[in-house]
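First the structure, in the form of structure tokens, and then the observations on it.
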Amino acid sequence: MSVLVFVALVAGASIGVLIAAAGLAGRRLFRGVGVDAVVARSGATLTRLALAGTAAGFVLAVTGWPVGAVLAGLAAWVMPGIIGGKAQRDAAIARTEAIASWTEMIRDSIVAASGLEEAIIATASVAPRAIAPEVRTMVHRLDHQRLPDALIAFGNDLHHPSGDLVVAALVIAARMEASDLSSLLSRLADATRGEARMRIRVEVGRTRVRTATKVIVGVVLLAVLFLAVVNRDYLTVYDSAGGQIMLAIVGGVFALGGWLLARMAAIELPERFTARSALPGADA
């Protein structure tokens with residue numbers, strides 16, 4: 001029972017730290033729009049919290065090391081993002097390419113359609129899968145919203161820097177006549193595809209770093225597990241207060257290394273171009 005209580009306390013404390021950090025940084029925890037996006041993000045967060053709490057409770061129950069429990073919980077929280085996340089990275093690349101493809105669809109549909117709104121509606125049934133829900137939602141909004149407002153909401157749904165540029169061009173075209181919208185959309189599509197190619201090159205270049213990270217983490221975990229099972233007396237030095245301090249130092253070194261690896265693996269995206277604040281008369 002005490003282990004379950006400890007796991008619950010760790011999970012609650014983790015949620016509190018997450019909320020406090022988000023508040024201090026001025027960031028929203030759930031940036032997705034709609035109930036499905038919020039549920040998906042909150043479900044992933046709760047899953048990671050459960051894994052972290054379980055790992056911390058297990059280590060505390062087996063070793064009795066409070067520092068080890070904290071380190072195990074932190075490792076369970078951050079390691080999926082360091083050694084995993086391939087599905088998310090692939091989804092980000094697919095989403096970027098989908099924005100480029102949809103931009104080209106708009107460009108090609110403008111020629112056959114009677115206007116920009118009709119061209120956008122025509123793409124709802126053939127939009128790329130990665131952004132199809134957002135496109136369909138925007139088309140549904142057109143039943144009760146003006147085209148510029150629906151486009152701005154669409155940009156918020158996408159939450160993508162390249163998507164903001166496309167939305168800004170379409171909003172300007174919807175509010176005033178654009179002299180050469182097709183050419184502009186072609187250039188934006190090319191730029192977005194260039195971003196997708198850049199992401200792919202970065203992903204390939206960092207595969208070796210991620211592989212080395214997995215090997216290091218696996219060796220360390222196997223070594224600790226082997227000593228805990230075969231020669232537990234070798235680890236009794238960490239039972240004392242001094243041993244816990246040394247364990248905290250060693251864990252801090254590993255945490256610093258993990259943070260640096262995560263920083264190396266992260267792709268710094270430009271700040272989102274907000275169509276509403278950049279367009280004349282948007283605040284009116």
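The values are calculated or read from the model by the stated rules, or taken from the named source; none is laboratory data. Computed from a predicted model, the values in this text were never measured in an experiment. As a convention, Cβ positions derive from the backbone with ideal geometry for all residues, glycine included, and neighbour counts pool all protein chains shown.
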Limited to the stretch 205-238, what total is found for residues that are of a type in the set (A, V, I, L, M) and farther than 30 Å from Arg89 by Cα? 9
Restricting the search to the stretch 61-71, which residues are in a helix (DSSP H, G or I) and closer than 18 Å to Gly252 by Cα? Pro66, Val67, Gly68, Ala69, Val70, Leu71
Checking Asp149 against (1) within 19 Å of Ile172 (Cα to Cα); (2) in contact (Cβ under 8 Å) with a residue 40 or more places away in the chain; (3) within 28 Å of the chain's Cα centre (by Cα), only one condition comes out false. Which one? (2)
I'm trying to understand the selection: among the residues of the stretch 175-189, which are modelled with pLDDT of 85 or more and either buried (at least 19 other Cβ atoms within 10 Å of the Cβ) or not small (Gly, Ala, Ser) (or both)? Leu184, Leu185, Arg187, Leu188, Ala189
Just to check your reading of the model, which residue among Ala61, Ala91, Ala75 is out of contact with any strand residue (DSSP E or B) (no Cβ under 9 Å at 6 or more places or on another chain), closer than 30 Å to Val237 by Cβ and either surrounded by fewer than 15 Cβ atoms within 10 Å (Cβ to Cβ) or of a type in the set (D, E, K, R) (or both)? Ala61
All-but-one check, Ala228 against (1) surrounded by 13 or more Cβ atoms within 10 Å (Cβ to Cβ); (2) among the small types (Gly, Ala, Ser); (3) within 30 Å of the chain's Cα centre (by Cα), failing number (3)
Based on what the data block shows, is Leu222 outside the structural domain of Leu147 (by TED's automatic domain parsing) and among the aliphatic types (A, V, I, L, M)? yes
Residues Val167, Val237, Val250, Val171: which one is in contact with a Gly (Cβ under 6 Å, 6 or more places away or on another chain) and at pLDDT 85 or above? Val167
For the stretch 253-284, how many residues meet the condition of being modelled with pLDDT of 75 or more and either surrounded by 13 or more Cβ atoms within 10 Å (Cβ to Cβ) or within 30 Å of Asp164 (Cβ to Cβ) (or both)? 4
Among the numbered criteria (1) closer than 30 Å to Glu97 by Cβ; (2) more than 31 Å from the chain's Cα centre (by Cα), which one does Gly205 miss? (2)
State whether one or more residues within the stretch 242-250 are without any contact (Cβ under 8 Å) to a residue 24 or more places away in the chain, among the polar types (S, T, N, Q) and in the same structural domain as Ala75 (by TED's automatic domain parsing). no
